[in-house]
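One structure is given here, and the rest of the page talks about it.
The values are calculated or read from the model by the stated rules, or taken from the named source; none is laboratory data. Please read all numbers here as calculations on a predicted model, not as lab measurements. A quick note on method: Cβ atoms are made from the backbone with ideal geometry, for glycine too, and the neighbour counts reach across all protein chains shown.
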Amino acid sequence: MRLIRARIDSAALRANLRAVRARAPHSRVMAVVKANAYGHGLVPAALALADADAFAVARLEEAVTLRDHGLRRRMVLLEGVFDAAQLAQAAQLELDLVVHQWVQIALLEAFRAPRPLSLWLKVDTGMNRLGFRPEEFRAAWQRLRQLQPAPSELRVMTHLACADDPDDGASAEQLQRLQPLVAGLEAELSIANSAAILALPQAHAHWVRPGLALYGVSPFIAQRGGQLGLRAAMTLESTVIALRDIGIGDTTEQAKFTVERAESVRGEQQHVRCLCDVQQIVDSSSLRRLHPHLLPTAAPLRIGWPGAAQLRHGSLVRIGCGTYVFAVVD
Ligand SMILES: Cc1ncc(COP(=O)(O)O)c(C=O)c1O
């Protein structure tokens, strides 16, 4: 075997869903399977996560694929729709729509919906990505309430910018901005991504929206998924075809990581020296930037080489034409 193969562990996905439920026992779970389920395969991942209360996708095409594969669960289109044709298709597929800008409200007002739609009004409390500004929220809410037919459900969503840094006060500020907007509204609320599910119980609300955690990936720099009770859902497998012996002060061809410490690990005939700690590399996203197609998440790598057992965290191995990977050995 020369190619790198990604092995997806459905049992780990299911276990991570259970772990999320245990962390947020009073919330329903919207499993974020956008971006090809973070590289884990949209359909198989969604099938493994079929017990989730809803799925969240970014694009209409993803929702179409899931519906084509028989997934009838509530499905939330995180970006909403961008024209009348998409709106008609989304309504026909019975998707929940996120509404985050005025043009989407205008589309809804012009649309003769065959049945009431389920909508999520998104408010930007500080992420500055998608959503109405807090001062626009009430007006947007009123216009959605007045749609004909009226929405079957109208919920509120916001996204936290810095929940992965528990010391950052930004999440508390965002929650403070949200509070007066939803006070007195009889609306379900969704705030928490993985980091907030794990570290910010006050943000759990009615619905949580885990992505990373479902795939076993820690959102926190200082902790790995396993330390949070999560199981890696993806394992990369390949064979080692060559090992390099690199000294302190050297840099690697692609990664340009300077070797910080050398630790000799003897194999049968060859030896490899360990570089910097792999978790640092993965956490700094450099590895993902270098090999986005291979490493959509911080997936562990198993290598089929007799000396593999002697490799350590941070070993540099060559596993294909010009491909360096920092081995993570369980
Ligand atoms: C709106 C929204 N909610 C939830 C998530 C899931 O976030 P995470 O993968 O950090 O759990 C995402 C992912 O980017 C998102 O865009």
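Counting only strands (runs of 3 or more DSSP E) that sit completely within the range 29-103, those holding 3 or more residues that are modelled with pLDDT of 95 or more and more than 18 Å from the chain's Cα centre (by Cα) correspond to 96-99. Put simply, of PHE82, PHE55 the only residue that is of a type outside the set (Gly, Ala, Ser) and touching a Lys or Arg at 6+ places or on another chain (Cβ under 7 Å) is PHE55. The listed residues are ARG129, ARG73, ARG143, and the only one of them that is in contact with a Leu (Cβ under 9 Å, 6 or more places away or on another chain) and under 28 Å from ARG177 (Cα atoms) turns out to be ARG143.
When SER152 is tested against (1) touching a residue at least 24 places away in the same chain (Cβ under 8 Å); (2) under 18 Å from the mean Cα position of the chain (by Cα); (3) exposed (fewer than 14 other Cβ atoms within 10 Å of the Cβ), just one condition goes unmet, and that condition is (2). Scanning the range 159-203 for residues that are assigned to a helix (DSSP H, G or I) and more than 15 Å from the ligand (Cβ to nearest atom) yields ALA172, GLU173, LEU175, GLN176, ARG177, GLN179, PRO180, LEU181, VAL182, PRO201, GLN202.
Just one of the listed residues (ALA45, ALA91) is assigned by TED's automatic domain parsing to the domain that holds LEU130, touching a residue at least 24 places away in the same chain (Cβ under 8 Å), within 16 Å of the ligand (Cβ to nearest atom) and on the phi < 0 side of the Ramachandran plot, namely ALA45.
I'd like to check something: does the range 21-29 contain any residue that is under 25 Å from ALA195 (Cα atoms) and in contact with an Asp or Glu (Cβ under 6 Å, 6 or more places away or on another chain)? Scanning the range 21-29 turns up at least one residue that is under 25 Å from ALA195 (Cα atoms) and in contact with an Asp or Glu (Cβ under 6 Å, 6 or more places away or on another chain). Filtering the range 50-62 to residues that are touching a strand residue (DSSP E or B) at 6+ places or on another chain (Cβ under 7 Å) and within 15 Å of the ligand (Cβ to nearest atom) leaves ALA52, ASP53, ALA54, PHE55, ALA56, VAL57. Tell me, please, whether a residue that is within 16 Å of the ligand (Cβ to nearest atom) and not in a helix (DSSP H, G or I) can be found in the range 8-25. For the range 8-25, residues within 16 Å of the ligand (Cβ to nearest atom) and not in a helix (DSSP H, G or I): present. Of all the numbered requirements in (1) under 27 Å from the mean Cα position of the chain (by Cα); (2) surrounded by 15 or more Cβ atoms within 10 Å (Cβ to Cβ), TRP141 misses one, and that requirement is (1). Contact map, the range 123-140: first residue more than 16 Å from GLY184 (Cα to Cα), second residue away from the ligand (no atom under 12 Å from the Cβ) and of a type in the set (Asp, Glu), Cβ cut-off under 7 Å, separation 6 or more or different chains; pairs are GLY126/GLU173. Every condition in (1) touching a residue at least 60 places away in the same chain (Cβ under 8 Å); (2) over 22 Å from LEU185 (Cβ atoms); (3) of a type in the set (D, E, K, R) holds for ASP53 except the one numbered (2). The residue of the range 104-124 that is surrounded by the fewest Cβ atoms within 10 Å (Cβ to Cβ), among those that are more than 16 Å from the ligand (Cβ to nearest atom), of a type in the set (A, V, I, L, M, F, W, C) and not in a loop (DSSP other than H, G, I, E, B), is ALA110.
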